[in-house]
Amino acid sequence: MSLPDRHNPYNFDEFLQWRKNANYYDDDPFFRQVLRRYTGKDFPVVDAEAKKIAPKVSYRWRDMADSAARPEERPYVLHYDGHHNRIDRIVRPVEVEIMEREIFSEALFARHSSKWIRPMKMFLIYQNGEACISCPITCTEGLVALLEQHADTPELRRILEHCRDGIDGEYAIGAQYLSEIQGGSDVPSNLLEAVPDGLHYRLYGTKFFCSATHADYAVVTAKPTGAEKVGLFVVPSWLPGNREREIRNGYTIDRIKWKMGTSELTTGELTFNGAVAYPVGPLERGLANVVSIVLTYSRITVGISAAAFMTRAVREAKQYSRMRSAFGLTIANFPMVTNQIEAMERTARRTTAGSFRLYRDFLETQGAEAGDDASRRRKFNTRELIMLQKITAAYDSTDVLRAAMSIFGGHGVMEDFSSLPRLYRDSAVNELWEGPRNVLLAQIHRDLQKASSWYPPANFVQEILKGSDKDTVARLAAELVEIVSHPSLFNPDATTREICARWDNLCGELTHAYQDAAAAEASDSIS
Ligand SMILES: Cc1cc2nc3c(=O)[nH]c(=O)nc-3n(C[C@H](O)[C@H](O)[C@H](O)COP(=O)(O)OP(=O)(O)OC[C@H]3O[C@@H](n4cnc5c(N)ncnc54)[C@H](O)[C@@H]3O)c2cc1C
C-alpha cells in the first residue's frame, strides 16, 4: 500500500555510501583469481602492488576523473598568447594535470620486478574511463617499446629515458599520429612528407586525428621524399629548451575535434611545416614496426580497458539492482533483471580473464625468435588473438555498458548520476581507433590465408581453443576452413557477402570460446 507523503523521504544514500567505499581490487575476488592464475610466481608482488594502488585509483583518481568530465571542464587549445605568439597550448583542468603526474609517476614503463605490474595497474586505472589518461598511457607504452628496440641515436635514447625512467622526476608522455584525412585505416596512403635534413628529417603536410595532443613526443608515420613506403619517426612536440617558451616544433594545432567519447582527451588536426623528426628503425620497415609494436600495445589496451569498463559497470549495476525496488520487489529479483546481470557479469569476467591470458601469451612470445614450428605458431596465435580480442571486446563493452545503464532506468543516462554514460561513450571510441572492426576482420582473414600452407586453419582453432569443448572446437574449425578457403572478402557478389556475415560472426565466437576457457581456468585456480 502506498499513501501520499508530501515529504517524500526517498534517497540513494545506501547505494552512494557503498559506491564511495568500493575498492576496485579488494572488492573484486574474480580479478584476484585471474591475477593469481596468470601471474604465476609473481602473484605475491603483483598483489602487494595492487593493494597499494587500489585506494588511489578507486577513490582519489575516480573522483578526479569524474570531475574533469564535466562539460565546463572540456580541454581546449589556446592558439596565441597575449603578445601574438603562436603557442597552441592545450588547456586542461588542473585535476587532470595532477592526476596525470601522479599516475605517470607510478613509472608504469620502468623495468619492474614483475612484468605483470603494468597490466594490473592498467586494468585498475582504466576502470575510471579514458579521463585523458588511458590513451596517453598506451601511446607512451608503444613509444617506449619502439625505442627499446630502435633507439640508436643520442636524441632517441634521451626520449626513451624521459618516457621510461623519467628525467628529474618528470615522466614524458607519448602520442601516435598515423591517420590522415583521406583514410585512417589505409596508412600506406599517407601523404605527409619527410624531407631529409642532415641526420634527421623535416615533416611537411597534415595529420587529421592526433589524440593526446598535449604529449611530449609523437610516433608519426610519413613518406620520405620520393618514397612510396611509409617510414616511422619520433617527433618532439618542442625542441630542447622550447617547451617553457611554448614554441612548438614546426607544427600547428589547427583545431580540436568535438567528440562524443574520450572527451577529456583532445584529438587535434595538425599541420606540419618543417617539424624536426627523428627516423626510427629502417625506414622501409616503418609500417611493419608501427603495426607490430605500437598498434599491438594499443590493441591490447583496448581489450584490457573494455574488460575494465565492463567490470566497473557490472559492479555498480549489480549493487544498484540490490538496493532499488519497483512494484514492491527489489529489482535484482525480477527474473529479467537477474538474467541481464548474469549475462553482463559473464561477459565482463570472460573478457577480463581472456585479456590476462592473452597478455601472458604475449609476454611469452614477445621478442622471441620464431624458431621452431611450435613457437612460430604461438607467435601467430597471439598476433591474431590480439586483433580478435580488440574487435570483440570493444563491441561487447558497448553492449554491456548499454545494458548496465538500463538497470539504472532513466538514471542510467544521467551523466552526474554515475560514470556509466561516460564509459559508454568512451567504449564507442574503442570500437573505432586502433583498427576498426572491418579492417581487422579483413586482416585476420588475409593472415590465415597466407599462413595456411604451414599452419592449416583447423589447427589454428585447435591450438587457440586447447581445453575447450571438443564439439565446439570441431564446429568452429570446420566453419573457419570453409571461410578461409573463400579467395577474397572484397568481391562485391552475393556469396562473398554471405561469407563476410559468417566471418563477422565466427570471429566473435572464436574469441568468446577463448575467453570462456580463460574464465573457467581462472575460476578453477581457487577450487
Ligand atoms: C576519438 C578518436 C581518436 C583518434 N585518435 C587517433 C590518434 O591519436 N592517432 C591516429 O593516428 N588516429 C587516431 N584516430 C583515427 C582512427 O584510428 C581512425 O579513425 C581509424 O583508423 C579509421 O580511419 P577512418 O576514420 O579514416 O575510416 P576509414 O578508413 O575511412 O574507414 C571507414 C569504414 O570503412 C571500413 N573499411 C576500411 N577499410 C576496409 C577494408 N579493407 N575492408 C573492409 N572495410 C574497410 C572501416 O572499417 C570503416 O567502417 C582516432 C579516432 C577517433 C575516433
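For this structure, a couple of remarks:
- Tally, over the stretch 372-394, of residues that are out of contact with any helix residue (DSSP H, G or I) (no Cβ under 9 Å at 6 or more places or on another chain) and buried (at least 20 other Cβ atoms within 10 Å of the Cβ): 0
- Within the stretch 406-418, considering residues that are part of a helix (DSSP H, G or I) and open to solvent by less than 20 Å² (accessible area, probe 1.4 Å), the one nearest to GLY354 (Cα to Cα): ILE407
- None of ASP66, ASP42 is surrounded by 17 or more Cβ atoms within 10 Å (Cβ to Cβ), in contact with a Ser or Thr (Cβ under 7 Å, 6 or more places away or on another chain) and within 22 Å of VAL96 (Cα to Cα) except ASP66.
- Residue satisfying all of: in the stretch 437-467; charged (D, E, K, R) and away from the ligand (no atom under 16 Å from the Cβ); surrounded by the fewest Cβ atoms within 10 Å (Cβ to Cβ) among these: LYS466
- Verdict on ASP504 being open to solvent by less than 20 Å² (accessible area, probe 1.4 Å) and out of contact with any Pro (no Cβ under 6 Å at 6 or more places or on another chain): no
Yes/no matrix, rows are residues, columns are (1) under 23 Å from ILE167 (Cβ atoms); (2) touching a residue at least 12 places away in the same chain (Cβ under 8 Å); (3) part of a loop (DSSP other than H, G, I, E, B); (4) aliphatic (A, V, I, L, M):
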{"site": "ARG248", "(1), (2), (3), (4)": "yes, yes, yes, no"}
{"site": "LYS259", "(1), (2), (3), (4)": "no, yes, yes, no"}
{"site": "SER263", "(1), (2), (3), (4)": "no, yes, yes, no"}
{"site": "GLY268", "(1), (2), (3), (4)": "no, yes, no, no"}
{"site": "TYR278", "(1), (2), (3), (4)": "yes, yes, no, no"}
{"site": "ASN289", "(1), (2), (3), (4)": "no, yes, no, no"}
{"site": "GLY303", "(1), (2), (3), (4)": "no, yes, no, no"}
{"site": "ARG315", "(1), (2), (3), (4)": "no, yes, no, no"}
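- Complete set of residues in the stretch 419-434 that are open to solvent by 10 Å² or more (accessible area, probe 1.4 Å) and small (Gly, Ala, Ser): ALA428
- Helices (runs of 4 or more DSSP H) (entirely within the stretch 29-132) containing at least 1 residues that are over 19 Å from the mean Cα position of the chain (by Cα), over 23 Å from ILE173 (Cβ atoms) and not assigned by TED's automatic domain parsing to the domain that holds THR266: 29-39, 43-55
- 1 or more residues open to solvent by less than 40 Å² (accessible area, probe 1.4 Å) and either within 13 Å of the ligand (Cβ to nearest atom) or not hydrophobic (A, V, I, L, M, F, W, C) (or both): qualifying strands (runs of 3 or more DSSP E) within the stretch 147-231: 174-177, 200-211, 217-224
To keep it simple, each residue is scored yes or no on (1) within 13 Å of the ligand (Cβ to nearest atom); (2) over 26 Å from GLU97 (Cα atoms).
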position: ILE256; (1), (2): yes, no
position: VAL290; (1), (2): yes, yes
position: ILE293; (1), (2): no, yes
position: TYR297; (1), (2): no, no
position: GLN319; (1), (2): no, yes
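- Selection of the stretch 3-39 for residues being under 23 Å from GLY412 (Cβ atoms), open to solvent by 40 Å² or more (accessible area, probe 1.4 Å) and of a type in the set (A, V, I, L, M) yields only LEU16.
Listed here are the residues, each with its yes/no results for (1) at pLDDT 95 or above; (2) under 24 Å from GLU284 (Cα atoms); (3) in contact with a Leu (Cβ under 9 Å, 6 or more places away or on another chain).
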{"position": "CYS163", "(1), (2), (3)": "yes, no, yes"}
{"position": "GLY183", "(1), (2), (3)": "no, yes, no"}
{"position": "LEU191", "(1), (2), (3)": "yes, yes, no"}
{"position": "CYS210", "(1), (2), (3)": "yes, yes, yes"}
{"position": "TYR251", "(1), (2), (3)": "yes, no, yes"}
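The values are calculated or read from the model by the stated rules, or taken from the named source; none is laboratory data. Small disclaimer: the values here were computed from a predicted structure and weren't measured. Here the Cβ is made from the backbone with ideal geometry for all residues, glycine too, and neighbour counts use every protein chain on show. The area values use the complete protein model at the heavy-atom level, side chains included, leaving out ligands, DNA and RNA. Shrake-Rupley method; radii C 1.70, N 1.55, O 1.52, S 1.80 Å.
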